């Protein structure tokens, strides 16, 4: 049961987004972090399932949009544009534009540690919101909403040739060298359940080429791929020594 204060907040958000939910509970759930649900005595559903659904919907809609918008571009280039357009950085920036963080329901510790502004939370809440809109209003509505929200970013990425998807770039690099696909592995995982830090390494031909960390595995993989690209193109002779030093440091901390 929503309180009057919460209902007012949701109405404000609907007005800002230009939406009107038939099922307000879905909208509320999309804004409910798992930390809040775990601390609630009323068994409030969190947004993780909606996030899962929203992620799939975003990929479908943006893939279809890119397919139609750029008929002359190859699959590899479309993949790169999509990867950037639906990255955590872009989705979090859209969340910030609409101030979604102000409407999140977070647990006490998550609030204390800056959860309202955390990039991973903002990106996840956008995906959950997309899932909620899809369930409430259907594919046609969420297609319109997503194109409105992400079209400026897609135009910018496609015109500038901007590419920050380091995983795709690394894969393309090693495939040209015929080295096989990069392999990513978690080498360390720390923090509380709702504030994890993942450390990931990337291997190419069985050798260590990069290490990166992030609030989720996707971010850590991107950071590891970025390091690998830098070292492959700038300092190839120092890779093994550098990665070995990092792994020894991590081993000592365990």
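Quick check, is residue 62 touching a helix residue (DSSP H, G or I) at 6+ places or on another chain (Cβ under 9 Å), farther than 28 Å from residue 9 by Cβ, surrounded by 15 or more Cβ atoms within 10 Å (Cβ to Cβ) and modelled with pLDDT under 95? So residue 62 fails the test. Comparison of 149, 173 shows that the only residue that is in the same structural domain as residue 108 (by TED's automatic domain parsing) and out of contact with any strand residue (DSSP E or B) (no Cβ under 9 Å at 6 or more places or on another chain) is 149. Among the candidates 25, 83, 72, 56, which residue alone is assigned by TED's automatic domain parsing to the domain that holds residue 149, free of Cβ contacts under 8 Å to residues at least 40 places away in the same chain, in a helix (DSSP H, G or I) and within 30 Å of residue 170 (Cα to Cα)? Only one candidate passes the filter, namely 56. From 96, 24, which residue is touching a helix residue (DSSP H, G or I) at 6+ places or on another chain (Cβ under 8 Å), under 15 Å from residue 135 (Cβ atoms) and modelled with pLDDT of 90 or more? The conditions single out 24. When 156, 218 are checked against the criterion of being assigned by TED's automatic domain parsing to the domain that holds residue 130, under 21 Å from residue 59 (Cβ atoms) and at pLDDT below 90, 156 stands alone in meeting it. Looking only at residues of segment 192-228 that are more than 19 Å from the chain's Cα centre (by Cα) and surrounded by fewer than 20 Cβ atoms within 10 Å (Cβ to Cβ), we find that the one that is nearest to residue 34 (Cα to Cα) is 192.
Yes/no matrix, rows are residues, columns are (1) exposed (fewer than 15 other Cβ atoms within 10 Å of the Cβ); (2) modelled with pLDDT of 95 or more; (3) in a helix (DSSP H, G or I); (4) on the phi < 0 side of the Ramachandran plot:
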{"position": "101", "(1), (2), (3), (4)": "no, no, yes, yes"}
{"position": "109", "(1), (2), (3), (4)": "yes, no, yes, yes"}
{"position": "126", "(1), (2), (3), (4)": "no, yes, yes, yes"}
{"position": "130", "(1), (2), (3), (4)": "no, yes, yes, yes"}
{"position": "143", "(1), (2), (3), (4)": "no, yes, yes, yes"}
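Assess whether residue 115 counts as being surrounded by 15 or more Cβ atoms within 10 Å (Cβ to Cβ) and assigned to a loop (DSSP other than H, G, I, E, B). So residue 115 fits the description; yes. Looking at segment 99-140, which of its residues are in contact with a helix residue (DSSP H, G or I) (Cβ under 6 Å, 6 or more places away or on another chain) and over 23 Å from residue 44 (Cα atoms)? 119, the sole residue that qualifies. Of 138, 212, all but one fail to be modelled with pLDDT of 85 or more and outside the structural domain of residue 22 (by TED's automatic domain parsing); the exception is 212.
The values are calculated or read from the model by the stated rules, or taken from the named source; none is laboratory data. If you're wondering where the values come from, they're calculated on a predicted model, not measured in any experiment. Ideal geometry is used to build each Cβ from the backbone, glycine not excepted, and the neighbour counts take in all protein chains shown.
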